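Novice: Got a structure for you, questions after.
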Amino acid sequence: MVKTIEDRIENRIEDRIAAVREKIARSAARAGREASEIKLVAVTKTRSVEEMLKAAPRVDALGENRVQEAASKKRDWPAGSGAVWRMIGHLQGNKVRKALELFDTVDSVDSVELARALNRAAGEARRALSVLVEVNTSGEASKTGIDPGEISELADGVLDCPHLKLEGLMTIGPLTDDEARIRNAFAGLREMASRVRLRSGLPLPVLSMGMSGDFEWAVLEGSTMVRIGTALFGPRY
Ligand SMILES: *Cc1c(COP(=O)(O)O)cnc(C)c1O
C-alpha cells in the first residue's frame, strides 16, 4: 500500500520517539536506573501543531521556548487533546501573566524577581505553579540560567513564594562534544540539587538535563527529564 505523506510524518515521529526511548532505557540500565524514572519532553519550538499532535500522546510533555509561539499554537490546539505544556525558554517579566495562562510549569526560573512575579500572578489566578530553577552549569555567557554560586539564594527566594512549588533544577549542557565536560556539568547540577534538598528538606525530584546531542550522558548522570527536539522532529530551519 502506498503511504500518504501523513502516514510518513506520523511514522517518522513515532519511530524517532521509540528510538529515543530505547536509548534512554539503555543508558538507564547502564546506570542501574529504571527507564520509567526519566520523563521525555518533546521540544516543539518551530514545529507545527500537526507535528506536535503526533508526538503529544507518546511523550510526557511538550516544551516551548516562547510565550507568543505557544499562545498561537494553543489557539489551534484541538480541545480534548491533552498535553502538559512546559515553558523552557527565558521568560520576561511582562509575559508572566500570559505564561501562566498557557503553561503547566515554568522550568526556566532564573531570578528572584521572576519567581516573585510568577508567585503574584499564580496567587491572583488561585493556582499553584510547579517550577524549576535554571542553572548555567557551563559558564558559557550565551547560556541562560543563574550562576551556580547564586543557587541557594534563588532557591530560598522560590521557597518563600507560597504559590510556587519548586520541583528541581534545569540546565543546558555546554556546547561541545567533549564527554567529560558535558558530564561534569550534569554531575554539577545533580550535586547542586542535593545541596538544595538538604537545605530545604524538599524532595526536589526533577533534574531536567539532556538534549538531542547529550541526553544519554545526562541519563548516566542522573537526569529525570530529557528535553528533545531535533532527535524527534529533525533539524530546525
Ligand atoms: C531547543 C531546546 C532543547 C532541545 O534541543 P535539541 O538539540 O533540538 O534536542 C532543549 N532545551 C532547551 C531549553 C531548548 O531551548
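Novice: Output the number of residues of region 28-55 satisfying the condition of being part of a loop (DSSP other than H, G, I, E, B) and either within 13 Å of the ligand (Cβ to nearest atom) or among the aliphatic types (A, V, I, L, M) (or both).
Specialist: Result for region 28-55: 6.
Novice: In region 92-117, how many residues are in contact with a strand residue (DSSP E or B) (Cβ under 6 Å, 6 or more places away or on another chain) and closer than 15 Å to Leu154 by Cβ?
Specialist: 6
Novice: Considering only region 120-155, how many residues are more than 15 Å from Leu91 (Cβ to Cβ), without any contact (Cβ under 8 Å) to a residue 40 or more places away in the chain and outside any loop (DSSP other than H, G, I, E, B)?
Specialist: 3
Novice: Can you confirm whether Lys143 is of a type in the set (D, E, K, R), modelled with pLDDT under 95 and within 21 Å of Arg195 (Cβ to Cβ)?
Specialist: Here the answer is yes, as Lys143 does meet what is asked.
Novice: Which members of region 42-73 meet the condition of being crowded, with 22+ Cβ neighbours inside 10 Å and closer than 11 Å to Gly229 by Cβ?
Specialist: Ala42, Val43, Thr44, Arg47, Ala55, Leu62, Gly63, Glu64
Novice: In the list Gly168, Gly229, Gly234, which residue meets the criterion of being at pLDDT 95 or above, at positive phi and within 16 Å of the ligand (Cβ to nearest atom)?
Specialist: Gly168
Novice: Moving on. Quick one: in region 1-27, of everything that is basic (Lys, Arg), modelled with pLDDT under 95 and more than 16 Å from the ligand (Cβ to nearest atom), which residue is farthest from Met225 (Cα to Cα)?
Specialist: Only one residue fits best here, namely Lys3.
Novice: Out of (1) among the hydrophobic types (A, V, I, L, M, F, W, C); (2) away from the ligand (no atom under 15 Å from the Cβ); (3) modelled with pLDDT under 95, the odd one out for Ala187 is which?
Specialist: Single failed check for Ala187: (3).
Novice: Take the conditions closer than 18 Å to Tyr237 by Cβ and in contact (Cβ under 8 Å) with a residue 60 or more places away in the chain and apply them to Arg47. Does it pass?
Specialist: yes
Novice: Step by step: first the residues of region 64-79, then only those that are in contact with a Phe, Trp or Tyr (Cβ under 8 Å, 6 or more places away or on another chain) and closer than 18 Å to Phe233 by Cα, then the one that is farthest from the ligand (Cβ to nearest atom). Which residue is that?
Specialist: Ala70
Novice: Among the residues of region 191-203, is there at least one that is under 17 Å from Ile88 (Cβ atoms) and either surrounded by 16 or more Cβ atoms within 10 Å (Cβ to Cβ) or under 17 Å from the mean Cα position of the chain (by Cα) (or both)?
Specialist: Looking through region 191-203, none of the residues is under 17 Å from Ile88 (Cβ atoms) and either surrounded by 16 or more Cβ atoms within 10 Å (Cβ to Cβ) or under 17 Å from the mean Cα position of the chain (by Cα) (or both).
The values are calculated or read from the model by the stated rules, or taken from the named source; none is laboratory data. Model, not experiment: these values are computed from the prediction. Cβ: placed from backbone, ideal geometry, glycine included. Neighbour counts: every protein chain shown.
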